[in-house]
Amino acid sequence: GWTTSSIIDDTVEAVRAQVGEGRAICGLSGGVDSAVAAALVQRAIGDRLTCVFVDHGLLRSGEREQVERDFVAATGAKLHTVDARDRFLDALAGVSDPEQKRKIIGREFIRVFEAATAEVAESEHVGYLVQGTLYPDVVESGGGSGTATIKSHHNVGGLPDDLEFELVEPLRALFKDEVRRVGAELGLPETIVHRQPFPGPGLGIRIIGEVTADRLATLRAADAIAREELTYAGLDRDIWQCPVVLLADVRSVGVQGDGRTYGHPVVLRPVSSEDAMTADWTRLPYDLLERISTRITNEVAEVNRVVLDVTSKPPGTIEWE
Ligand code: XMP
C-alpha cells in the first residue's frame, strides 16, 4: 500500500510535470479538500500558486483567521482574500426562502470568485485552476477531466476574453481519510484537517428567516460557544456535526438579568452519521447541554432560549433549511 509520504511525493511530482513553469490559482473554502489540494500544489510550484479566499460573511467565528493566519503559516502559500460581506448581505436582503438563499449565495459566490480569479489571472498569466476533487467525486461524475472556462462578463471591469484554465486535481486518486492524513503530514492545522462538514451557504441557511448582519452576529456567537464546549468535552470526532440554528422570526418571553426579555431561540442539532444520507440525533451528556445553554443565554443577549432537536434523518434533514 501507499504510505502517506509516498502519496505526497508522487503527487508533488505529478503536479510539477503537469504545470511546468506555469502559474496556478486555487479557491479555498475553509474546508479540508481545498486546503490540502492547495498545500500540495504549493509544495510543487511554490509562489507560482495563488490562493483565493472569498469571505462571504456567512462564515463561522474564526474561520477567516484559520485560512488567513493558520493555513498561510503552515504552507507559506500566497493568499488573496476578497471581502465580499456587504455584497452578499445586499443580495440576500428581504429573502427568507431557503432555495432562494442557496441560489443567491451560489450565484454571488461564482461571480466574486470569477472576478477575483480573472484579476489575478490577467496580471500573472495563470493557466491552471486547482480543484480539490476526490476519488469518489471522480467516480460519481464518470471520470471526466479537462478545462474550465471563467466567464469574465460577470466582471464589472469587463475583461476582453473568457479565460480558460487547465484543471489540476491533486486529490483525484484519494479518499477522504487519505486527504486528512496528507493534510496532517503537510502540517496543516488540526482545525482544518478535521473540520466537520459545513455547508457552502454557511450560516445563511442556519438563520430561519431573513439574513441580516445583526442576526449573523447573534448566530456566530451562539455557534462559537457550542463548538467551544463540544471541543472542550472532547466530542469533535464522535459527532458528525452540530448545526446551531437561529429562529430569527420566533420570539418568546424570558427573564434574563434585570427583567423580562422577548428574545429568540436557538436550536442545537447534534447528529451522528456515516455519510449524511441518514443521521441520528446525538445523545449529548446533559451536563454538556446545560453548559452550552447557560453560556449562550448568558453571553448572547438576543437569545433567551436554547432548544434541542431530537429528530433523526429521515424524516428531518440535518440542516433546517
Ligand atoms: P441535509 O440538511 O440535506 O445535509 O441533511 C446533509 C449534509 O450536507 C450539508 N449541506 C450542504 N452542503 N451546500 C453544501 O455544501 C448546501 O447547500 C448544503 N446543504 C446541506 C449538511 O451540512 C450536511 O452535512
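The values are calculated or read from the model by the stated rules, or taken from the named source; none is laboratory data. On a predicted model such as this, the values are computed, not experimentally measured, just so you know. Positions of Cβ are generated from backbone atoms using ideal geometry, with glycine treated the same way; all protein chains shown enter the neighbour counts.
Which of the residues belonging to the range 13-24 are assigned to a helix (DSSP H, G or I) and either of a type in the set (S, T, Y) or surrounded by fewer than 18 Cβ atoms within 10 Å (Cβ to Cβ) (or both)?
Within the range 13-24, E13, A14, R16, A17 meet the criteria.
Here are E185, E178, E210, E169: which of them is touching a strand residue (DSSP E or B) at 6+ places or on another chain (Cβ under 9 Å) and among the acidic types (D, E)?
E169
Regarding the range 215-229, can at least one residue be identified that is part of a loop (DSSP other than H, G, I, E, B) and either under 16 Å from the mean Cα position of the chain (by Cα) or modelled with pLDDT of 95 or more (or both)? Quick ask: steps written out before the conclusion?
The initial filter retains those residues of the range 215-229 that are part of a loop (DSSP other than H, G, I, E, B), namely none.
No, the range 215-229 contains no residue that is part of a loop (DSSP other than H, G, I, E, B) and either under 16 Å from the mean Cα position of the chain (by Cα) or modelled with pLDDT of 95 or more (or both).
Please state which one of I292, I318 is in a loop (DSSP other than H, G, I, E, B) and crowded, with 18+ Cβ neighbours inside 10 Å. Spell out how you get there, then give the answer.
Values: I292 fails: in a loop (DSSP other than H, G, I, E, B).
Of I292, I318, the one residue that is in a loop (DSSP other than H, G, I, E, B) and crowded, with 18+ Cβ neighbours inside 10 Å is I318.
Look through the range 266-285, keep the residues that are within 20 Å of the chain's Cα centre (by Cα) and not small (G, A, S), and return whichever of them is farthest from the ligand (Cβ to nearest atom).
L268
How many residues are of a type outside the set (D, E) and away from the ligand (no atom under 16 Å from the Cβ) when one looks only at the range 193-215?
5
Among helices (runs of 4 or more DSSP H) lying entirely in the range 25-143, which contain 3 or more residues that are surrounded by fewer than 20 Cβ atoms within 10 Å (Cβ to Cβ) and not basic (K, R)?
Because the criterion is at least 3 residues that are surrounded by fewer than 20 Cβ atoms within 10 Å (Cβ to Cβ) and not basic (K, R), the helices (runs of 4 or more DSSP H) in the range 25-143 that meet it are 72-75, 85-92, 98-124, 135-140.
Would you mind telling me which numbered condition in (1) within 17 Å of I207 (Cβ to Cβ); (2) within 13 Å of the ligand (Cβ to nearest atom) E302 fails?
Tallying (1) within 17 Å of I207 (Cβ to Cβ); (2) within 13 Å of the ligand (Cβ to nearest atom), E302 fails exactly one: (2).
Pick out the one residue from V112, V120 that is out of contact with any Ser or Thr (no Cβ under 7 Å at 6 or more places or on another chain) and among the hydrophobic types (A, V, I, L, M, F, W, C). Walk me through how you get there before you give the answer.
Working: V120 fails: out of contact with any Ser or Thr (no Cβ under 7 Å at 6 or more places or on another chain).
Exactly one of V112, V120 is out of contact with any Ser or Thr (no Cβ under 7 Å at 6 or more places or on another chain) and among the hydrophobic types (A, V, I, L, M, F, W, C), namely V112.
Right, R60: within 16 Å of the ligand (Cβ to nearest atom), within 26 Å of T212 (Cβ to Cβ) and in contact with a Lys or Arg (Cβ under 7 Å, 6 or more places away or on another chain) or not?
yes
Yes/no per residue for (1) more than 24 Å from F109 (Cα to Cα); (2) touching a residue at least 40 places away in the same chain (Cβ under 8 Å):
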site	(1), (2)
D10	yes, no
V15	yes, yes
G27	no, yes
G30	no, yes
G46	yes, no
V52	no, yes
G57	no, yes
E65	no, no
H80	no, yes
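Let's see how each residue does on (1) modelled with pLDDT of 95 or more; (2) surrounded by 17 or more Cβ atoms within 10 Å (Cβ to Cβ); (3) in contact with an Asp or Glu (Cβ under 8 Å, 6 or more places away or on another chain):
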| site | (1), (2), (3) |
| --- | --- |
| R251 | yes, no, no |
| V255 | no, no, no |
| G259 | no, no, no |
| D275 | no, no, no |
| W281 | yes, yes, yes |
| R305 | yes, yes, no |
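Residue check: is P98 within 30 Å of R215 (Cβ to Cβ) and at pLDDT 95 or above?
yes
Have a look at D236, D275, D287 and point out the one that is acidic (D, E), without any contact (Cβ under 8 Å) to a residue 40 or more places away in the chain, over 19 Å from L58 (Cβ atoms) and outside any helix (DSSP H, G or I).
D275
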